[in-house]
Amino acid sequence: MAGKINPNLHLDIAGYGGKDVDLCMNCGTCTTICPLSEDSGGGFPRRVIRLIQTGRESKLVESLDPWLCYYCGDCTTNCPRRANPAETMMAARRYLTARYDWTGLAGLFYKSALAEIFAILAVGLFVTLLFVSLHGPVILQRVELNTFAPVHWVEFGDWIMAAVLSFFLLTNSLRMAWWILGRKKMLRISPLLYIRQIPVFFEHLFTQKRWRECGSEPGGIRWLKHLLLVSGYLSMLTLVLILLRWFQTDKIYPFYYPQRLWGYYATIAILYPTADFMISRWRRKEPIHLFSAASDWIFLVMLFLTALTGIMVNIFRVNGLPMETYVIYVIHLSIAVPMLVVEVPFGKWSHIMYRPLAIYLAGVKRAALQAAGKSTGQTAAAVAA
């Protein structure tokens, strides 16, 4: 991809929400104000915007900068041209997500809200039809959820779904690494360098700690909200994919039992941040929420409804309402499954993978350059000797 120029790159980015690229005069105010832009090579967002303006498509695809931006909005607030560099960085991330995805679905969903909604409805309808056709006996004298929806079959379906999602997400991540590190360089880097950086990936995956350095919001409140959301989402996945037989039971345990407490935590940890983010986007008072793509809303609404219908299943089950429990359970899975199938590998939720992966790849790249420098120095010393 080296040297490839795309004169219509700014139009491509506009299709992903970056509509103010042409307003930028590259003054550098955005880079100066950004607390995360520390290098001396031009910094972001300035460098990314310049790549877009000059059509340097290959350099943009190879860049880590869009993922190292955490979208605090300070650059937009301080832009003398009243452009929106923060949203341009977000648009660049959408564009890169589409480029990493070999199926083409990510690009389709980001550019067409109707296509994304249709995919969600299609998957949801498929899940509903599965239950209509294959559900177990409907017991109305009491709640027997595991008779209506045998847990071992639901668990088997979860594993198939997880395997498919992992395949798409991991192959797209491999394409990301392939472009960022370069095909030849990627194969030449010592496996030990990849292994040593693995803790960095998981550290940023679980803590999202760079949020704390991002923006002028006091007390790291925005970071805490995202940390809460990620913990709730990962809790939900753990309960559903790994501990389902322990979590989905017909026995009514007391409130203080671990599976109930963990489920309540996951619900609160998802409902509160998603509701807060939706209200903020609706009011459009914060710089980061002045513009919202359809994909932003779809993702938040789907995640909110997944948690809401999940807690409703528990409420109906605990109160001994059989038919209500079975119906809302089907609705819950008809929302949760398309949310995972569409949003995780092809939508905004893929950011949870790509962002820590970018930090991981930056560490690998840095370690490889240091190793190459030492090797060159040792060779020169040997020649001199």
**Prompt:** Taking 0.36 nm per residue of separation and subtracting the Cα-Cα distance, what length does fully extending residue 184 through residue 125 add?
**Reply:** 16.8 nm
**Request:** Divide the volume of the convex hull of the Cα atoms of the range 155-220 by its number of residues and quote the answer in cubic angstrom per residue.
**Result:** 160
**Asked** Can you work out ³J(HN,Hα) from phi for every residue in the range 238-254, in order, using Karplus 6.51 cos²θ - 1.76 cosθ + 1.60 and θ = phi - 60°, giving whole Hz and x for Gly and Pro?
**Response** 4, 5, 7, 8, 10, 10, 4, 5, 7, 8, 8, 10, 8, 6, 8, 7, x
**Request:** Kindly put 175, 284, 94 in sequence by how many other C-beta atoms sit within 10 Å of each C-beta, fewest to most.
**Result:** 284, 175, 94
**Prompt:** Listed highest first by mean packing, meaning other Cβ atoms within 10 Å per residue, what order do 193-202, 101-110 come in?
**Reply:** 101-110, 193-202
**Complete:** If 280, 133 are placed from fewest to most neighbouring beta carbons inside 10 Å, the sequence is 133, 280
**Message:** Rounded to whole Å, give me the distance from the Cα center of the range 48-107 to that of the range 278-327.
**Reply:** 28
**Prompt:** How far is helix 198-207 tilted off the main Cα axis of the chain, in degrees rounded to 10, range 0 to 90?
**Reply:** 60
**Request:** Using the structure shown, list the pairs from 19/365; 209/365; 111/365; 59/285; 4/209; 285/348 with a Cα-Cα distance above 29 Å, or answer none.
**Result:** 19/365; 111/365; 59/285; 4/209
**Message:** Once the cut-off is 23 Å, how many percent of the Cα-Cα pairs in the range 9-100 end up in the long-distance tail?
**Reply:** 11
**Request:** List the extent of the Cα atoms of the chain along each of their three principal axes, largest first, rounded to whole Å.
**Result:** 85, 54, 40
**Message:** By the 4.7 Å beta carbon criterion, which cysteine residues of the chain come out unpaired?
**Reply:** 24, 27, 34, 69, 79
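None of the figures in this text is laboratory data; all of them are computed from the coordinates on show. Note that the structure is predicted; figures quoted are calculated from it, not measured. Note that we place each Cβ from the backbone using ideal geometry, even for glycine, and neighbour counts take in every protein chain shown.
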